[in-house]
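Just so you know, all these numbers are worked out from the coordinates, no wet-lab data involved. Since this is a predicted model, take the numbers as computed values, not measurements. Reconstructed Cβ throughout: ideal geometry from the backbone, glycine too, with neighbour counts over all protein chains shown.
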Amino acid sequence: MKSYELTAYPKPMALSDGREVVIRTLAAADADALLRFFLGLPEPERYFLKDDVTSPGLIASWAEHHDYARVLPLVAVSGDAIVADAVLIRRRHGAYRDVASVRVAVAPAFRERGLGTALLRELCDIAADAELERVTAEFVAGVQDDAIAAAEHLGFIRAATVHELLRDEHRRPHDLVILMLPLGKWYQWARF
């Protein structure tokens, strides 16, 4: 089983508005900046994240303890600030050994500039280089519709919709949309 290739990082990237960011792996020194990033996300979006990203202890553990064989965290940095977080999560044994899941979050001031799509593509390229077969992503309908559209633009297909699985902070139901991207030959062909 191939490992992730990380020699491309840090990598500069120009956004559609002309600003530049640097994409790189998360470092131990990034804990405070990552916490500030997550605290800057709108509360309704943070509510749907699977982890309490407002916990300094949790964020510090993410920054300090890296197991790239299981979780590969990338960040986009502008100046001293983290402006996006992207994670590729992989299990290396059993039925899930050929599948990874992805998560991407972008600061509001850096949205609609191609950053989220670029980070999603980075994660898919890394997964393809590691010879994984599929990448999956979960989104909340009505909350993450722009992210769903970006993923579908990259070639993700809707694998399932679980109706009214989640409830927001006002107890209103939301659908969970599960998207899947086949990798291998299909992904190589689709990138052209």
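May I ask for the distance between the Cα centers of segment 136-158 and segment 38-85, given as a whole number of Å?
So the separation of the two Cα centres works out to 20 Å.
Looking at the chain, which longest stretch skips every one of the GluC sites (Glu not before Pro) that is in a DSSP loop with at most 12 other Cβ atoms within 10 Å, leaving the sites themselves out?
The longest such stretch corresponds to 6-130.
Amide H neighbours of Arg91 under 5 Å, counting only residues 5+ apart in sequence or on other chains, H built in-plane at 1.01 Å?
For Arg91, whose amide H was placed from the backbone, the distant partners under 5 Å are Val99.
To the nearest whole percent, what portion of all C-alpha pairs in the chain is separated by more than 27 angstrom?
Pairs farther apart than 27 Å: 27 percent.
Would you calculate the volume per residue, in Å³, of the smallest convex hull containing every Cα atom of segment 82-192?
120 Å³
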